[in-house]
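Derivation of every value follows stated rules applied to the coordinates shown; laboratory data play no part. Bear in mind the structure is a predicted one, so any value in this text is a computation, not a measurement. In this analysis, Cβ positions are derived from the backbone assuming ideal geometry, glycine residues included, and neighbour counts consider all displayed protein chains.
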Amino acid sequence: MKKITSQSDYQQVYNESVEQPEKFWAEVAEDFVWRKKWDKVLEWDFHKPEVKWFVGGKLNITENCIDRHLKDKANQTAIIWEPNDPTKTSLHITYQQLHDEVCKVANMLKNNGVNQGDRVCIYLPMIPEAAYAILACARIGAVHSVVFAGFSSGSLVDRINDAGCKVVLTSDGSLRGEKKIDLKPIVDEALQNCPGVVKTIVFKYTNSKISMQAARDVWWHDEIKNTKPVCEPEVMDAEDMLFILYTSGSTGKPKGMVHTCGGYMVYSTYTFQTVFQYQQGQVYWCTADIGWITGHSYIVYGPLAAGATTVMFEGIPSWPDMGRFWQVIEKHKVNIFYTAPTAIRSLEKAPLSFVHQADLHSLKVLGSVGEPINEEAWHWYHEHIGRSQCPIVDTWWQTETGGIMISPIAHVTKVKAAFATFPLPGVQPAVMDEKGAELFLNGVEGRLTIKFPWPSMARTIYGDHQRFKETYFSTFPGKYFTGDGCKRDEEGFYRITGRVDDIIIVSGHNMGTAEIESAIDEHTAVCETAVVGYPHNIKGQGVYAYVICYEAPQDEEKLRTEIREMVSKVIGPIAKPDKIQFVSGLPKTRSGKIMRRILRKIAEGEMNNLGDTSTLTDPAIVDEIKNGAL
Ligand code: PRX
């Protein structure tokens, strides 16, 4: 694989990757352990859509993430686990220990009836067992579906049933800052509506008092006791399913994005090495939760396949104080630090003394992911955390893309504040105008699509290929539509401007407005709801809900609290509306469609520039909403 060491190398490698993509990716894939080499690098048709990479190839991703490192790195730390409570001991898990633990969990799964192809739901806190569980599933060819442990029982039900999970791995509880959250009761509640689940394996962690249902629930420590630390990796087809991960849609239920073994492995590893320019021996820390794609690709699979030392942090940035991230960097001498703009914005508000108290000289590269990073946050991060010496890789990608798509390459390509800059080798973006024509020049703005496949792209939505086609391949036939808007400036730098559909990104979490609306509608007092995003100076976007009640509420504050609790119960606390405005009607067109454009403008505080409202059934409602805006 050709190393990229300068801007001109990048240009050359990029050009080669576009001119001969199959040759390019075959060379990258040579660096992995395959049980059988592929017969063909790529088969694709974006109209069907169907994409297959490394066709006929056989492998196991865990052999690449673990076994192949045992020759020379058995005693190197694979995972540094930093607990929630800084007074507790952190763990340094070597590649040998990782091997043994993953094999034990794999054997535990087999003993509990998990077979190749079965779906396993992982609902665990950020503890090493979550990483073991993911890798153990991959080792035996079971498909993991990790659900972020902040989601409620309702979200868990949808995800478990949609994927047809047979087994759930969970713990009694989790720790986040000062809070202890009991997870098992959430699972118990969910499983009342999940008839397909036959086994729950519970990791004892917080010692919370929980109930165990005979026959269904077993303790992890009992089940793992006599398992062997050896488990042969299952030989998988490159196109076998590796995992399902749910992401919000602009309509309907979350979409179970399907990722497959070969292409995902190659791409997550290649991009990890390329973007961060990871050097052997360095310590890398991505602060994401394992429940999101960032945790999958850039805490677990990518770094481990690259033989890196990856930090897994259980805690939160603000506890015991706002210096926690910086203390962890000093403690573990972190060289590469990858976090989200929302975290940067909240830490930026804290006194700088928190930053200055820690020695951050180990840092070489900074990363950002999950939402557009505003210039102010970019400069603060660059200056105060990176001592104006560390490049910031602003990485644009999605659950669907499986890996980073547009990003600077650390210390190699140019950076520009608030720009994701250039596509990585093998990635072919196309900016489209609203009519569907590609904009070839620089200095343009439009919708971001990708016109050629890359190895880690999602292959389908689990159980709903038609929805996959409609969501991603119908707006611009023959191209993958990202749902994002972007600019390409005069020099060819890409800047992602945000979603152009009804998805909002709150603190880096993707949420469908329709999903939040239907959660609010579950409150008995509520007749109809419209949810939009508005700019929020820490979360990036906040949730603004316009709510019509059957009767004017007697106590608005009380009802707001109840509505927030309802959303928390149905989806999870991350989706709670920041602002709830009670209204007597919504601006609708004669065909009954809510004009969200108007609601968005009002939520943004732009009262005077609402555009044409003449097609509304009741234009007067706009004034009422404007006057009551929060
Ligand atoms: O709108 C883009 C935004 O996050 C969306 C994908 O969210 P999700 O699937 O949860 O994955 C997040 C982690 C990869 C994108 O459609 N987004 C992600 N990264 C950036 C971004 N927007 C701007 N700049 C980024 N670096």
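Out of all DSSP beta bridges in the chain, what portion is antiparallel? Express it as a percent rounded to 5.
Numbers: 61 of 102 bridges.
Antiparallel bridges: around 60 percent, rounded to the nearest 5.
Tell me the net charge near Asn374. Cut-off is 13 Å between Cβ atoms, Asn374 excluded, with +1 for each Lys or Arg and -1 for each Asp or Glu. Numbers along the way, then the final one.
Working: positive: Arg345, Arg495, Lys539; negative: Glu348, Glu371, Glu375, Glu376, Asp394.
Computed value for this residue: -2.
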FRET efficiency, Val157 to Val444 (Cβ-Cβ, R0 51 Å, nearest 0.05)
0.70
Run the lone-cysteine check on the chain: no other Cys C-beta under 4.7 Å from the residue's C-beta.
Cys65, Cys137, Cys194, Cys261, Cys286, Cys390, Cys486, Cys527, Cys549
Suppose R0 equals 51 Å; then what is the FRET efficiency for Ala620 and Glu30 from their Cβ-Cβ distance, rounded to the nearest 0.05?
0.15
Counting DSSP beta bridges in the range 63-165, what percent are antiparallel, to the nearest 5?
50
Projected label distance in nm at Ser318 and Asp555, using a 7 Å step from Cα toward the beta-carbon
2.6
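Could you calculate the contour length gain from Arg600 to Lys414, that is, 0.36 nm times the residue separation minus the distance between their Cα atoms, to one decimal place in nm? Intermediate results must be reported in sequence, preceding the final value.
On the way: separation 186, 0.36 × 186 = 66.96 nm, distance 3.49 nm.
Gain in length upon complete extension: 63.5 nm.
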Pull out the extension gain between Asn111 and Ala525, defined as 0.36 nm times the separation in residues minus the alpha carbon to alpha carbon distance; nm, one decimal.
144.2 nm
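FRET efficiency for Ile538 and Asn193, Cβ-Cβ distance as r, R0 = 51 Å, nearest 0.05?
Numbers: r = 35 Å, r/R0 = 0.69.
Calculated value: 0.90.
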Between Leu439 and residues 5 or more places away or on another chain, the pairs with built amide H atoms under 5 Å apart involve Val431, Met432, Asp433
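So what's the range 151-269 giving for Rg/Rh, alpha carbon basis, Kirkwood Rh from the mean inverse pair distance? Mind dumping the intermediate values first?
Details: Rg = 16.7 Å, Rh = 16.6 Å.
Value, to two decimals: 1.01.
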Ranked on Cβ counts within 10 Å of their own Cβ, fewest leading, Val120, Val622, Val157 go Val157, Val622, Val120
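Would you mind ranking Leu191, Leu169, Leu439, Leu109 by Cβ crowding within 10 Å, fewest neighbours first? Don't skip to the answer; put the middle values down first.
Working: Leu191 20, Leu169 31, Leu439 15, Leu109 26.
Placing the least packed residue first, the sequence is Leu439, Leu191, Leu109, Leu169.
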Specify the inter-centroid distance of the range 45-122 and the range 304-362, based on alpha-carbon positions, in whole Å.
25
When only Cα pairs under 8 Å and 6 or more residues apart are kept, what is the percent relative contact order across the chain?
12
Assuming 0.36 nm per residue, please report the length gained on full extension of the stretch Ala74 to Gln20 beyond their Cα-Cα distance.
15.7 nm
Please list, by residue number, every one of the trypsin sites (Lys or Arg not before Pro) in the range 580-630 that is coil in DSSP and has at most 16 other beta-carbon atoms within 10 Å.
Arg590, Lys593
Taking Lys and Arg as +1 and Asp and Glu as -1, residues besides Gly436 with C-beta under 12 Å from its C-beta add up to 0
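How high is the relative contact order of the range 507-627, in percent, with contacts defined as C-alpha pairs under 8 Å that are six or more residues apart?
Details: 173 pairs, mean separation 27.9, N = 121.
RCO, the range 507-627: 23 percent.
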For the chain, what does the helix formula give at 222 nm: sum of -39500 (n - 2.57) over DSSP H segments with n ≥ 4, over the residue count, nearest 500 deg cm²/dmol?
-8000 deg cm²/dmol
Thr613 paired with Ser388, simple spin-label distance in nm, labels 7 Å along Cα-to-beta-carbon
4.9
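Test of understanding: ordering Cys390, Cys194 by Cβ neighbours within 10 Å, fewest first, what list do you get? Working shown, then result.
Values: Cys390 22, Cys194 19.
Ordered by Cβ neighbours within 10 Å, fewest first: Cys194, Cys390.
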Expressed as a whole number of Å, what is the distance separating the alpha-carbon centroids of the range 378-431 and the range 462-484?
25
Say each of Ser90 and Glu470 gets a label point 7 Å from the Cα, pointing the same way as Cα to Cβ; how far apart are those two points in nm?
4.8
